[in-house]
Amino acid sequence: MPWFLLSLLVFQSSSSPELSARIRQLIESSGAEVAVAIRSVDGRVNLSIDPDKSFHAASTMKVPIMIELFRQAEAGRVKLDDQLAVRNEFHSIVDGSVYQMDVNEDSDGEVYKAVGKTMSLRLLCEAMITVSSNFAANLLIEKLGPANVQATVDRLGGTGVKVLRGVEDQKAFDKGLNNTTTAAGLAGLFAKLAAGEAVSAKADAEMIAILKRQKFTDAIPAGVPPGTPVAHKTGTITRIHHDAGIVFGPKPYVIVVLVRGIQDQKVSGPLMASISRVAWTALSK
């Protein structure tokens, strides 16, 4: 059975029971819905708590978009330095009606400055991941095709990760047509990246380098020693706060923490950092 389908800790080190108990205690005291998946890259330690519970994906859906971009580049369908016209015009998956992105609702305004010009696929990917640009994500998913993104997720075993559309499609949101994720699914994708099996060893190394440049560091990175490389992607919307990635400690590991039900990110961030800190302590011995 794949590690990311496990629902209980595989007790292969003396710290494992304590790891499970401490994380569950943090979750219970938070009052939030929290799903966690942790796996050492060597496969010796696995922990899953509610791994198949579905959450709104928020910006974690940008990881599958990046993987599909690199897959298409590897296949010769696109080049990362291809230029893409920057137009603030997208179509709802509900009825095809046009909607626009709002710079005031985005985490970055730089791509908006390029409207009417072009940007390379490489630079759009950098903005989508490192500063979580919604505008860049929509441009890329329109170029690549959401069905292609989903097909790649399915092929990689990203159970529960569903990529239907771009961001800020209000009509789709109102109808419950949202991108979703599970801790198991995201952990599976990051495990493939860590192993160099998402696209290729070279492409995966490039993607990991981009993820290491992530600018939002209040969750998983806040729980590990300063300077520890973390290749990760966050996701936040109202009462949703996620972080998922690879921690490159003495014994590298994949960690996914999904949180639903906390309004203030100044509360959810420290909760996730605490879970990250417990994982670091257990897996870095």
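Values quoted throughout were computed directly from the atomic coordinates according to the rules given, and no laboratory measurement underlies them. Just so we're clear, the structure is a prediction, and the values are computed from it rather than from any experiment. Every residue, glycine among them, receives a Cβ derived from its backbone with ideal geometry; neighbour counts consider all protein chains shown.
Observations on the structure shown:
- Karplus-derived 3J(HN,Hα), 6.51/-1.76/1.60, for each residue of the range 42-49, Hz, glycine and proline x: 6, x, 7, 10, 9, 9, 9, 10
- Positive minus negative residues near Ala273 (Lys, Arg vs Asp, Glu; Cβ under 13 Å): 0
- Rounded to 10°, Cα long-axis angle of helix 183-195 versus longest principal axis of the chain: 90 degrees
- Extents of the chain, taken as max minus min of Cα coordinates on every principal axis and listed largest first, are 58, 39, 35 Å.
- In degrees, nearest ten, helix 121-130 long axis to first principal axis of the chain (Cα): 40 degrees
- Over all other residues within a Cβ to Cβ distance under 13 Å of Gly196, the charged ones net out to -2, with Lys and Arg as +1 and Asp and Glu as -1.
- Amide H partners (placed H, <5 Å) of Ser120, local residues excluded: Leu84
- Sequence-distant residues sharing a close amide H with Tyr99 (under 5 Å, placed H): Phe90, His91, Ser92
- Highest average first, the peptides 47-59, 198-210 ordered by how many other beta carbon atoms sit within 10 Å of their residues are 47-59, 198-210.
- Sequence-distant residues sharing a close amide H with Lys53 (under 5 Å, placed H): Ala183
- Using a cutoff of 8 angstrom between alpha carbon atoms and counting only pairs six or more residues apart, the relative contact order for the chain works out to 24 percent.
- Given +1 at the Cβ of Lys and Arg, -1 at the Cβ of Asp and Glu and no other charges, the dipole of the range 3-283 around its Cα centre is 480 debye to the nearest 20.
- Taken along the Cα-to-beta-carbon direction at a fixed 7 Å, the label points for Ser29 and Thr281 span 1.0 nm.
- Take every pair of alpha-carbon atoms less than 8 Å apart whose residues are at least six positions apart; their mean separation over the length of the range 240-285 yields a relative contact order of 38 percent.
- Measuring between alpha carbons in the structure, the pairs from Lys143/Lys251; Lys79/Lys175; Lys171/Lys212; Lys175/Lys233 lying more than 29 angstrom apart are Lys143/Lys251; Lys79/Lys175; Lys171/Lys212.
- Helix 201-212 axis, angle to the chain major axis (alpha carbon atoms, nearest 10°): 80 degrees
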